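Accompanying notes for the structure given below.
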Amino acid sequence: MGGLGWIDFSPEHRNRVSSVIDLLKPEGRIDELGIGIVRNAISDILFPGTSTIQTRAKYFILIPRMFKEYQIKFENKKTKPKLKEYLRQRENQIIRILAEKYAGNDDIQGIIGITLAGTYKSRELARKPSTIYWVGLRLFGIIRTSLSFTEYIEKHDRLESFVDLLEMTDDEKGDDRDAGYDDAFSISLPDVSRAWDEGLKIELTYEEADFLKNKIIDTQGDKFIGQILKDRKLMDIFVKVKNFSNMCDVFLEKPIPQTTKTILKLAKDFDQIIHGAHIRYNCVLQKRFGTEAKRDEFLTKWQDWWETITADGALIRDFDIESLIELSNTLRPFTRAFLRNWVNGLRKSVSVEYLDRLVTEQELANKGGKARLRMGASEKANNWIGIDGLSYRFPVVRDIVNDIKHGLGY
């Protein structure tokens with residue numbers, strides 16, 4: 001199975017390369033029409049603390065363990081290394097341990113840095129698990145802080161103090177579930193032995209899975225991810241469903257809160273409706289820059305989509321575009337207008353010429369001088385360009401839930 005690794009250069013290079021890598025993920029394809037904000041808003045409602053570049057649940061445990069290890073080693077020492085450098089070196093070690101352990105094992109997926117296995121020591125990942133999982137660690141209450149990863153590290157190294165990182169309230173300090181877990185890093189974690197990395201596996205132990213499940217339920221119990229983890233039967237169903245659309249169909253019939261069902265249906269319907277805009281965008285691209293064969297191919301895609309979308313008259317008629325827009329308070333005005341005009345245009349069965357103008361104007365407003373449909377552009381349009389379906393992080397969350405499920409022995 002192919003994969004990508006990247007080398008750590010300057011922070012500027014890291015950010016550029018990381019952005020390119022992110023675009024290769026299914027949910028990270030180039031957002032030509034600017035609807036990614038809506039997708040992300042819905043994803044945050046259903047699956048807070050997750051992202052498209054997360055892989056396995058174990059990293060929610062490994063990262064705080066490194067902090068805890070640092071504390072155990074140096075809390076009572078007069079001198080200690082900078083946390084930033086210690087974490088960098090230790091994280092590189094753990095990445096390599098797992099990469100070398102699972103290299104060549106195609107049955108085990110989601111090992112961050114797997115392409116570095118067996119390479120020379122100077123190579124390291126530009127974006128490490130500590131930054132990829134940080135928001136989730138915060139939202140799940142595993143690391144109790146409002147600081148970003150960089151702020152958290154810099155604050156410790158600036159103050160050279162463990163105590164100053166505490167951000168718990170008196171109520172939080174007395175939380176029975178966390179009894180015996182909290183430390184001066186404001187971290188909740190099961191017991192950490194000094195040899196926790198010996199025989200390290202990507203699979204969760206029972207204690208780790210139970211801990212992570214309960215942290216997510218405690219902090220996100222009213223969200224879809226928390227509702228799934230509360231019910232063993234729902235977990236089993238969730239990990240077996242193939243895609244987001246099918247998952248919605250299944251769970252709309254399950255005993256979950258109506259508020260969650262409303263979001264699921266809105267998300268599924270939006271995916272179906274906005275897919276037509278991306279088809280028309282590709283039709284315009286092919287008309288300008290493609291071959292006759294490709295133009296025919298995308299016109300067939302459009303005809304198939306149109307027949308499907310109009311077969312159920314209620315889908316377009318009843319779609320609540322205003323509720324969708326309200327979910328995304330950072331949506332730019334021209335994108336709000338585009339979404340309203342697209343839905344209203346479908347309801348009125350306007351001409352494809354009108355729809356093509358909508359997507360062309362939207363790409364120009366969204367991408368500016370980088371728009372492929374700008375005047376004077378010279379492009380290659382051999383394949384699909386832009387977002388091709390919305391999964392709202394479902395594949396990532398399914399893997400995380402599956403890890404917890406297996407760790408619990410379900």
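The values are calculated or read from the model by the stated rules, or taken from the named source; none is laboratory data. None of the values given here were measured: they were computed from a predicted structure. We place every Cβ from the backbone using ideal geometry, glycine too, and count neighbours over all the protein chains shown. Surface areas here come from the heavy atoms of the whole protein model, side chains and all, with no ligands, DNA or RNA. Shrake-Rupley method; radii C 1.70, N 1.55, O 1.52, S 1.80 Å.
General remarks:
- Trypsin sites (Lys or Arg not before Pro) lying in DSSP loop within segment 317-357, provided at most 12 other Cβ fall within 10 Å: Lys348
- Sites Lys155 and Phe74, calculated FRET efficiency, Cβ-Cβ separation with R0 25 Å, nearest 0.05: 0.95
- Each of Gln89, Ala103, Thr115 was placed along the dipole of segment 73-115 (beta-carbon charges, centred on the mean Cα), and the one lying farthest toward the positive end is Gln89.
- Rolling a 1.4 Å probe over the heavy atoms of the protein chains gives segment 227-267 an accessible area of 54 Å² per residue.
- Charge context of Leu137, other residues only, Cβ under 11 angstrom, K/R +1, D/E -1: +3
- Extension gain for Glu253 to Arg232 (0.36 nm times residue separation, less C-alpha to C-alpha distance): 5.9 nm.
- Couplings 3J(HN,Hα) of segment 262-278, computed from phi: 4, 5, 4, 5, 4, 5, 5, 5, 5, 4, 5, 6, 6, 4, x, 5, 6 Hz, in residue order, whole Hz [Karplus 6.51 cos²θ - 1.76 cosθ + 1.60, θ = phi - 60°; x for Gly and Pro].
- Solvent-accessible area, 1.4 Å probe, carbon plus sulfur percent, for segment 246-379: 49 percent
- Applying 0.36 nm per residue to the separation of Glu198 and Ala337 and subtracting their alpha-carbon distance, the gain on full extension is 44.4 nm.
- Derived scalar couplings ³J(HN,Hα) [segment 382-387; Karplus, 6.51 cos²θ - 1.76 cosθ + 1.60; whole Hz; x for Gly, Pro]: 8, 9, 4, 10, x, 5
- A full extension of the chain between Asp312 and Thr330 corresponds to an added length of 3.4 nm, given 0.36 nm per residue minus the alpha carbon distance.
- For Lys58, a cut-off of 17 angstrom between C-alpha atoms picks up these lysines, skipping any fewer than 8 places away in its own chain: Lys68, Lys101, Lys128, Lys201, Lys213, Lys215, Lys405.
- FRET efficiency for the pair Trp302 and Asp106, taken as 1/(1 + (r/R0)^6) with r the Cβ-Cβ distance and R0 = 45 Å, rounds to 0.75.
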